[in-house]
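Take a look at the structure below.
Just so you know, all these numbers are worked out from the coordinates, no wet-lab data involved. Note that the coordinates shown come from a computational prediction; the quantities given were computed from them, not determined experimentally. Cβ: placed from backbone, ideal geometry, glycine included. Neighbour counts: every protein chain shown.
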Amino acid sequence: MGETGNLRQRSYDDKKMGLREALSLIKTGDHIFVGSACGEPQYLVNGLVEKAGHLADNEILHVHTLGVAPYAKPIYSDRFRLNAFFVGINTRQAVAEGRADYTPMFLSELPQLIARGIVPIDVALIQVTPPDEHGFCSLGVSVEITKTAAEKAKLVIAQVNRQMPRVLGDSFIHVNNIDVFVEHDEPILEVSRPERDIVSERIARHVAELVDDESTLQIGIGTVPDSVLGALQNKKDLGIHTELLTEGVVDLVEEGVVTCAKKTINRGKIIASFAMGTRRLYDFIDNNPMVEFYESDYVNNPIVISQHEKMISINQALEIDLTGQVCSDSLGYRFYSGLGGQADFMRGANLSKGGKAITVIPSTAKNGRISRIRPLLTEGAGIVLTRGDVNYVVTEYGVALLKGRTIKERALSLINIAHPRFRNQLLDWAKKRHYVPKEILPFPEIEYPEKLRKRVILKDGSKVLLRPIKPSDATMKQHLFYSLSKDSVAKRYFGSLKAMPLKRIWPYVIVDYRNEMVLVGTVEKEGNESIIAIGSYSRIPNTDMAEVALVVRDDWQNKGLGTTLFNYLVDIAMQQGLSGFTAWIMRDNSRMMHILKKSGYPMKYRVEGNLIHVELRFKKKLENNG
């Protein structure tokens with residue numbers, strides 16, 4: 001060790017103290033910051049209440065705490081007053097009872113507010129690695145606002161823990177900038193992965209459909225976000241830019257899914273500001289050049305986030321109203337968590353080229369007794385995401401795209417992904433408030449047949465999604481009609497139909513998916529979905545036959561889409577026990593006749609004026625093939 005190294009070591013040794021001596025330096029009335037989440041210096045915090053009996057009227061500030069929080073107990077209320085920027089499970093009761101404070105704050109803004117003194121900090125209790133040969137200690141699993149707090153505080157007391165992983169990036173603080181070192185090794189706080197359930201797995205599958213290869217992800221905390229990570233194994237070259245790093249990312253790195261090779265900025269790097277997981281995660285990030293932690297004013301900055309192309313932000317909500325207002329920090333008047341970085345990342349993702357802001361939410365709460373999709377947010381609930389922030393909403397029943405949609409379209413989309421038990425209650429409420437037209441028929445109380453979604457590739461290489469129609473498709477169905485040529489309208493509707501008002505469309509977008517089936521072919525461009533084809537059948541009462549109809553937008557004709565759509569309708573009809581199709585076709589509709597003949601099913605037909613009535617029987621083809 002050179003002379004400089006010896007000086008550093010002497011500086012470190014000179015600053016080492018025992019716990020009681022170190023805490024005696026804190027003065028009555030000081031504002032004390034405590035390191036966040038799994039980076040909480042538990043030894044120092046326990047000592048604060050056990051060995052610092054001289055303190056009184058001290059404010060404790062933290063973002064999120066997972067470990068001990070003895071200062072929040074009623075017996076210490078004369079000595080300590082907690083001020084939480086994020087309300088964790090072990091401080092909710094204190095906040096609810098008025099013994100602690102909650103300060104709503106975007107994490108992207110908090111470091112600057114601390115640096116400017118608007119949020120005063122006199123003492124910082126932090127946890128670090130032992131200093132390296134250059135005298136730098138790493139803040140390890142928790143950088144977010146901890147580094148700014150340590151730089152701003154008048155007194156910095158660091159618990160030196162050899163079990164803390166050394167994380168790279170802007171995570172270092174020099175021994176010269178730390179006033180006191182208290183050496184104490186103990187396991188870093190761990191958070192086990194949440195147990196997945198059927199609801200979270202179904203939501204995850206829907207979200208995975210929205211994630212393209214080469215996207216950059218921000219994943220929030222909770223059962224559903226963790227399940228989403230588990231549903232991405234088939235993606236390629238994903239990147240990570242997230243405030244919270246969890247263990248599910250390690251799986252995707254090991255499987256070669258997360259490479260960060262295609263990120264727009266910080267290419268090749270996983271960027272985060274803190275980590276919560278088990279020792280497996282901490283070993284992964286330890287001295288790993290692929291992983292870099294930065295403060296929240298960088299990681300959570302919407303401008304930085306928006307620079308990533310295909311930025312995907314995935315965050316969980318507590319409830320949402322029919323206009324798209326999202327609450328995720330309170331249960332009515334009871335503060336439950338905090339603003340955190342949800343709005344930061346949602347806004348950044350919305351500004352990203354090809355980005356998607358995704359709100360995930362189970363459809364019900366309290367064992368299915370209440371709907372999380374509500375006419376109005378619960379009284380007292382805080383709006384974390386405004387109507388203008390919300391892009392995609394996903395429940396176990398599907399995906400609702402709200403960005404750029406009217407109140408009518410939003411309400412119908414959200415009702416469509418609500419639990420079937422609550423859909424018509426929500427619809428009745430929306431009708432009374434004139435959010436949606438009164439002529440809309442009641443929703444069938446059955447699940448949307450998500451399993452019938454099918455992606456197809458046409459002969460020219462075009463990709464089309466075939467799926468059952470939804471009530472929220474009414475406007476898109478209307479747009480399809482007005483995009484058709486006069487010839488296509490005449491062949492589909494047997495005449496010169498000039499208008500397609502929404503009141504005529506409603507019966508065709510609310511179907512029972514058994515006796516009636518309507519499939520739409522859709523394509524998406526820059527997040528905007530369009531219907532380019534519709535195929536439908538309706539069972540003829542008291543028979544095993546159904547009447548079928550097709551229409552394909554003119555610029556998508558002659559690509560095999562009509563044939564593909566018809567064959568899929570046949571497959572579904574057979575599964576529903578139907579034996580055949582009938583159809584009325586105009587005599588000059590050669591395309592439809594070609595599709596029917598190409599199907600291979602024997603046909604019987606008769607001519608009536610300008611129309612041909614065709615009958616196909618599926619079973620005859622099966623017998624002939626047998």
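When Rg and the Kirkwood Rh are both derived from Cα coordinates, the Rg/Rh ratio for segment 24-151 amounts to 0.95.
Cβ-to-Cβ counts within 10 Å put His434, His184 in ascending order as His434, His184, the fewest first. In whole angstrom, the chain maps to an equivalent ellipsoid with semi-axes of 60, 25, 18, each derived as √(5λ) from the alpha carbon gyration tensor and ordered largest first.
Inverting the pair-averaged 1/r between distinct Cα atoms of segment 450-625 gives 16.7 Å as its Kirkwood hydrodynamic radius.
Projected onto the charge dipole of the chain (+1 at Lys/Arg Cβ, -1 at Asp/Glu Cβ, origin at the Cα centre), which of Gly580, Gly535, Asn287 gives the Cα projection farthest towards the positive end? Highest projection toward the positive end goes to Gly580.
A compact globular protein would have a Cα radius of gyration near 2.2 N^0.38 Å; the ratio found for segment 226-322 is 1.09. Of the residues Asn367, Ile320, Pro302, the one whose Cα sits farthest towards the positive end of the charge dipole of segment 296-400 is Asn367 (charges of +1 on Lys and Arg Cβ, -1 on Asp and Glu Cβ, taken about the Cα centre).
What the pair-distance distribution of segment 521-606 shows, using all Cα-Cα distances binned every 10 Å from zero, is 15, 47, 29, 8, 1 percent.
With 0.36 nm allotted per residue and the present C-alpha distance subtracted, the Leu502-His434 stretch has 23.0 nm of extension available.
For segment 3-183, what proportion of DSSP beta bridges, expressed in % and rounded to the nearest 5, is antiparallel?
Just about 10 percent of them are antiparallel.
3J(HN,Hα) couplings calculated from phi for segment 238-253 with the Karplus curve 6.51 cos²θ - 1.76 cosθ + 1.60 (θ = phi - 60°) are, in sequence order, 6, x, 10, 9, 8, 5, 10, 9, 10, 5, x, 5, 4, 4, 5, 5 Hz; Gly and Pro show x. Computed on the Cα atoms alone, the convex hull of segment 198-432 gives a volume of 115 cubic angstrom per residue.
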